[in-house]
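One structure is given here, and the rest of the page talks about it.
The values are calculated or read from the model by the stated rules, or taken from the named source; none is laboratory data. Keep in mind that this is a model prediction, so the values were computed, not measured. Here the Cβ is made from the backbone with ideal geometry for all residues, glycine too, and neighbour counts use every protein chain on show. Note: areas computed on protein heavy atoms with side chains; ligands, DNA, RNA excluded. Shrake-Rupley method; radii C 1.70, N 1.55, O 1.52, S 1.80 Å.
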Amino acid sequence: MTMPSIEEVAFHPRSMIRLMLLSEILWAVGEGLFFYLLPVYVQELGATPAQVGLAFGVGELALTLTYLPVGWLADRTRRKPLMLGGWFAGLIGILLMAGATTWWALFPGLTLYLMSGYCLPVIHAYVARMAGPIPLERAFPLLSAGYAVGGLLTPALGGWLAQRVGMRPVLLLSAGLFALSTVAALLLPMDPPPDPHGQGRRLGSWRRIPWRFGLALLALFTVGQVGLILLPNFLQQAGGWSKSHLGLFASLQALGTILLGPALGRWDQGRARPLGLAAAWGLAGIGMGLLLVGFHAFPLVGAAMILVGGAYAAYSLAAARILRLTPSETQATAAALLHTARSLALALAAPLAGLLFSFHPARPLQVAGLLLPLALFGVLRAGRLIQIPAEEVPQSP
């Protein structure tokens, strides 16, 4: 019997998933310390609510422009080198933010940090290429839940630290954790090069990318983010909650992602329509409604934030669905379509949420709650799993 080589053992799909989990958890620990407080910090540096929305919107718009070109490139080359650029860009971005003293000075670092997210569709395509027999509806929610585990307690810790020592030391601590995450990412196995004979199939498969599903996701994400992007500001101004409370609420939101993502992912596996995806956003909508009526009551806010975590679990379910709908030769481009929809939604929602917030802090939640059912109907219609050739669908064990 032939013994497996060291490389074959190291490149086992489960080993890859574990190493990716480690890297994502380290990044999530660092990001959890500051990101939920970032809109509040930008406002403290002199920005108005509308300018806060503008600052995030510009960064997300710049990120949006990178997704599809990078996805196109990732379908034609190895994916690991493209992924690593995202880790390095995020590390440089947070160091620039840590050195800023005004919101205009923080703006370049924030933009670079947001643009580092271009690697997310490449990560999804990399995992799809390297996961072997592991179903995507399990792998993606598992990675999402691991990321949420990393951010489970750190928002509360970040809020506590920011209350006592300020945001700059918190950002520097996060930079150290990002550096460790980058080291773990460097240890990931190199993915094989794309099939040189698949160029013709890639050209034909472009037309089979689910563009309608991407448009439906764009509508859903835009509506949802109108209610979510300035949620910390709403809780602070309307509810009177401190930064420490905001960090704790973010931890409860991460707990919701951990609990809901894997369960709803199993529900979505093999189903014709993305019921788990729709249920995740439906629960988030219920959470937004609870916040509107109970923003002063800690038990109601805590329960609502757990339900809101469903919105972030839904992104991994959307990734699994869109890759199921797409031939393997263009999966990176399809993942880029998903993240383009997500990023463009943030770019559209951030200024709109800022404008609505300037009228009344509750207005973004009210508008999102009214439009969410219509957006969910569109996703259920456009996300129906069409039958594609068996050899193009990643098989479950």
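Quick look at the values:
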read-out	value
Counted residues, segment 124-143 - those being modelled with pLDDT under 85, in a helix (DSSP H, G or I), over 17 Å from residue 264 (Cα atoms) and open to solvent by less than 10 Å² (accessible area, probe 1.4 Å)	0
Residue tally, condition crowded, with 22+ Cβ neighbours inside 10 Å and modelled with pLDDT of 90 or more, over segment 144-169	0
Selection status of residue 324, out of contact with any helix residue (DSSP H, G or I) (no Cβ under 6 Å at 6 or more places or on another chain), under 29 Å from residue 74 (Cβ atoms) and not assigned by the TED database to the domain that holds residue 59	yes
The one condition in (1) surrounded by fewer than 22 Cβ atoms within 10 Å (Cβ to Cβ); (2) within 27 Å of residue 212 (Cβ to Cβ) that residue 296 fails to fulfil	(2)
Single residue of segment 86-123 satisfying the filter (of a type outside the set (Val, Ile, Thr) and not in a helix (DSSP H, G or I)) that is surrounded by the most Cβ atoms within 10 Å (Cβ to Cβ)	100
Helices (runs of 4 or more DSSP H) wholly inside segment 1-55 that include at least 1 residues being crowded, with 20+ Cβ neighbours inside 10 Å and at pLDDT 85 or above	13-34, 38-44
Selection from segment 292-313 of residues that are in a helix (DSSP H, G or I) and either out of contact with any helix residue (DSSP H, G or I) (no Cβ under 6 Å at 6 or more places or on another chain) or without any contact (Cβ under 8 Å) to a residue 40 or more places away in the chain (or both)	293, 294, 298, 299, 300, 301, 303, 304
Boolean, residue 155 is free of Cβ contacts under 8 Å to residues at least 60 places away in the same chain, part of a helix (DSSP H, G or I), under 26 Å from residue 40 (Cβ atoms) and not basic (Lys, Arg)	no
Unique match (being surrounded by fewer than 19 Cβ atoms within 10 Å (Cβ to Cβ), out of contact with any His (no Cβ under 7 Å at 6 or more places or on another chain) and outside any loop (DSSP other than H, G, I, E, B)) among 355, 338, 346	355
Subset tally (residues that are part of a helix (DSSP H, G or I) and buried (at least 24 other Cβ atoms within 10 Å of the Cβ)) for segment 325-335	6
Matching entry among 316, 343 (being touching a Leu at 6+ places or on another chain (Cβ under 8 Å), polar (S, T, N, Q) and under 17 Å from residue 226 (Cβ atoms))	343
Cβ-Cβ under 9 Å pairs, at least 6 apart or on other chains, segment 249-267 side over 19 Å from residue 34 (Cα atoms), far side outside any helix (DSSP H, G or I) and open to solvent by less than 20 Å² (accessible area, probe 1.4 Å)	265/135
Residue satisfying all of: in segment 271-291; open to solvent by 50 Å² or more (accessible area, probe 1.4 Å) and touching a residue at least 40 places away in the same chain (Cβ under 8 Å); nearest to residue 221 (Cα to Cα) among these	275
Check on residue 172, modelled with pLDDT of 85 or more, part of a helix (DSSP H, G or I) and surrounded by fewer than 23 Cβ atoms within 10 Å (Cβ to Cβ)	yes
Count of residues meeting criterion [under 17 Å from residue 114 (Cα atoms) and in contact with a Ser or Thr (Cβ under 7 Å, 6 or more places away or on another chain)] in segment 316-348	6
